[in-house]
Amino acid sequence: MLKNVDLTIAESVLKIRCLQILVNEYIKKETLVTFPHLAMGHESIAVALTATKKLGDIFCLSHRNVHYNLATGASSKAVFNEYLLRPEGLMSSHGGSMNLRNEKGGVAYTSSILGNNLPVATGMSLAQKVSGHRNVTYVVTGDGAMEEGSFYESLVFMRSQDLSAIV
C-alpha cells in the first residue's frame with residue numbers, strides 16, 4: 001500500500017507527464033510561439049530531487065527544464081503562457097522555454113547553452129560557501145555537456161574547494 005507521500009510523488013510525476021503530452025500536441029499543431037524541449041521520462045528524477053531539496057538549495061539546469069519548474073511548484077498555466085510568450089507567463093514572457101526559471105521554487109538558473117550551467121553553478125555554490133550558507137547547488141546536465149571543457153573544470157574546482165554541489 002502506498003503512503004501519502006508516495007501517492008503525492010506519483011501524482012506529481014503523472015501531472016508533469018500529462019502536461020508535457022499536452023504541450024507536445026501543441027507542438028505538433030505548430031501553435032506555440034517558442035519551441036519547448038520536453039523531458040519525457042525524466043519527471044520522476046525532478047520530483048525526487050525536489051522532494052529532497054531543502055529551503056535555500058538551488059537548481060542550475062540545462063535547456064530541458066520544464067519538469068523541474070513544474071516539480072518545484074510553478075503552475076502549468078504559467079509555464080504554458082510562457083511558451084506562448086504571454087505577459088502572464090512564469091517569467092512574464094522573458095524566458096521562453098530554454099531559459100525558464102522558477103526562482104520561488106529554487107530553479108535559479110537554466111541555459112540554452114550546452115554545459116553553461118556547470119560554471120554558473122560552480123559560482124553560485126562558491127557564493128553560498130563564502131556567504132556562510134551550506135545550501136546545496138544541484139546541477140542537472142546532459143551527456144552532451146561532458147564534451148565541454150567547463151564540465152571537468154567545474155567538477156575539479158567544486159571538489160578542490162569543497163563546495164556543496166551535486167552534479
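The values are calculated or read from the model by the stated rules, or taken from the named source; none is laboratory data. From a predicted model like this one, the values you see are computed outputs, not experimental measurements. Note: ideal-geometry Cβ built from the backbone for every residue, glycine included; neighbour counts use all protein chains shown. Note: accessible area is taken over every heavy atom of the protein model, side chains too, but ligands, DNA and RNA are not part of it. Shrake-Rupley method; radii C 1.70, N 1.55, O 1.52, S 1.80 Å.
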Kindly report, to the nearest 10 Å², the accessible surface of residue 33 as traced by a 1.4 Å probe over protein heavy atoms only. 90 Å²
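What FRET efficiency comes out for the pair residue 33/residue 134, r = Cβ-Cβ distance, R0 = 45 Å, nearest 0.05?
Numbers: r = 41 Å, r/R0 = 0.90.
So, using R0 = 45 Å, E works out to roughly 0.65.
What are the membrane-span-like helices in the chain by this rule: whole DSSP H runs, Cα extent along the axis at least 24 Å, mean Kyte-Doolittle hydropathy at least -1.0? Walk me through the numbers before you get to the answer.
Working: long enough: 4-28 (36 Å, 0.56).
Flagged H segments are 4-28.
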Prolate/oblate/rounded label for segment 5-61 (Cα gyration tensor, a/c 1.5): oblate
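What Kirkwood hydrodynamic radius, in Å, does the chain give when the mean of 1/r is taken over all pairs of distinct Cα atoms and then inverted? Write out the running numbers ahead of the final one.
Details: mean 1/r = 0.0609 Å⁻¹.
By the Kirkwood definition, the hydrodynamic radius is 16.4 Å.
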State the Cα centre-to-centre distance between segment 130-166 and segment 35-92 in whole Å. 21 Å
Could you report the accessible area of residue 54 in Å², rounded to 10, computed with a 1.4 Å probe on the protein chains as they sit in the structure? 140 Å²
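For segment 41-167, what does the accessible surface come to per residue with a 1.4 Å probe? Please give it in Å².
Values: 6300 Å² over 127 residues.
That works out to 50 Å² for each residue.
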Explain nothing, just the number: relative contact order of segment 32-167, from Cα pairs under 8 Å at least 6 residues apart, as a whole percent. 25 percent
Kindly list the residues of segment 95-111 that lie in the label zone of residue 75, defined by a backbone N under 16 Å from the point 7 Å along the Cα-to-C-beta vector. 102-105
Kindly provide the GluC sites (Glu not before Pro) of segment 15-74 that DSSP labels as loop, not H, G, I, E or B, and whose Cβ sees at most 12 other Cβ atoms within 10 Å. 30
